[in-house]
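*Asks:* Let me give you the structure first, and then I'll get to my questions.
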Amino acid sequence: MNKLPYMMKNRLNDICLVFSENPIARAYLYLFLKEDLISNKIIYLNSKFIFNKFFLKLNFNTTFNNTKKYLKSNNVLEFIKNIEKYFNLSDNFLIEMYNFENIFKFKNFHFAKSSDINNYNNIEFFKSLEDKNFLNTTNKILKNILDLNKNFYHIHPGYLYQVRGADASLNSIKYFNEIGASFYLMDKKIDTGKIIKKFKVKFDKIFFPNNDQFNNYDLYQIWFSFFDPALRVMLLKKMLDQNMNLDNFETINLKPQDNNYYSFIKKEELKKLFNNKIFI
């Protein structure tokens, strides 16, 4: 069978996933699996000597040690069900996405050269690829790698540029009583790239039984293990359903005043935010 012309591959549903072991990457990976995108290229940002399954599993277990503990809690499981209903996700999506074996169901799996996407060896690695479009899951600010003739996209859990910066899903609720997400083309600054798709809606409190049994640290970790990735996945799923052409899209123009940068929420403010504005 003849290969498709490369220009025909520049659709969102052909995008390469830059995989850094974290909840966002696991959520996107499972969505790709559910959407039968198992031929998409998965690029694992690895640490040194992580090339065999034993070390991959060790990295997985280390990263998600707390997550596995939360998944044993009936209260958290009830919260997860409510999140899945909130975002119209399939039953157990937020549980099954933490199946270690999911990554081995893909046909086109590659290791990069370093866990740091900005590493020189990684830049050379990405330079060698014919692929043009990448969905980023790292928490790094991209630097010299953006000088390549490649496109790195990101889903920010806030309505850009109204809510830029850290803890965006929480800061959106804190300052605007909204949740939102934005799919954008990354540049070398924080959340300032060209916006391709975004949405926001009024936030309705979500039921989390007996959440007062958890301390601030656990509530924060639970939020970013389940609610935050679900928010991003909802936007990604809508966009995959459209299978947009990444060579031909209109960016969203915004007014300069719609630009706010927020830092991490202070620990002493978290409990009040969760109790007063988020959980019932």
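*Asks:* Based on what the data block shows, is residue 101 among the acidic types (Asp, Glu) and either part of a loop (DSSP other than H, G, I, E, B) or at pLDDT below 95 (or both)?
*Replies:* Criteria not met by residue 101.
*Asks:* Additional query: How many residues are of a type in the set (Asp, Glu) and either exposed (fewer than 11 other Cβ atoms within 10 Å of the Cβ) or at pLDDT below 90 (or both) when one looks only at region 232-275?
*Replies:* Result for region 232-275: 4.
*Asks:* Report the residue count in region 126-153 for those that are within 15 Å of residue 17 (Cβ to Cβ) and not in a strand (DSSP E or B).
*Replies:* Number satisfying all stated conditions: 7.
*Asks:* Please specify each residue of region 164-204 satisfying the condition of being of a type in the set (Gly, Ala, Ser), outside any strand (DSSP E or B) and over 12 Å from residue 153 (Cα atoms).
*Replies:* 166, 168, 169, 172
*Asks:* Here is a further query. Given the options 134, 104, name the one that is exposed (fewer than 15 other Cβ atoms within 10 Å of the Cβ) and of a type in the set (A, V, I, L, M, F, W, C).
*Replies:* The unique qualifying residue is 104.
*Asks:* For region 205-280, which fully contained helices (runs of 4 or more DSSP H) count at least 1 residues that are over 26 Å from residue 161 (Cβ atoms), without any contact (Cβ under 8 Å) to a residue 40 or more places away in the chain and of a type in the set (D, E, K, R)?
*Replies:* Values: elements: 216-222, 228-242, 267-273.
Per the criteria, 267-273.
*Asks:* Now for a different question. So, in region 32-41, how many residues would count as being surrounded by fewer than 21 Cβ atoms within 10 Å (Cβ to Cβ) and either assigned to a helix (DSSP H, G or I) or within 15 Å of the chain's Cα centre (by Cα) (or both)?
*Replies:* Matching residues across region 32-41 total 2.
*Asks:* Looking only at residues that are outside any loop (DSSP other than H, G, I, E, B) and free of Cβ contacts under 8 Å to residues at least 12 places away in the same chain in region 78-91, which one is surrounded by the most Cβ atoms within 10 Å (Cβ to Cβ)?
*Replies:* 81
The values are calculated or read from the model by the stated rules, or taken from the named source; none is laboratory data. In this text the structure is predicted, and so the values were computed from the model without any measurement. We place every Cβ from the backbone using ideal geometry, glycine too, and count neighbours over all the protein chains shown.
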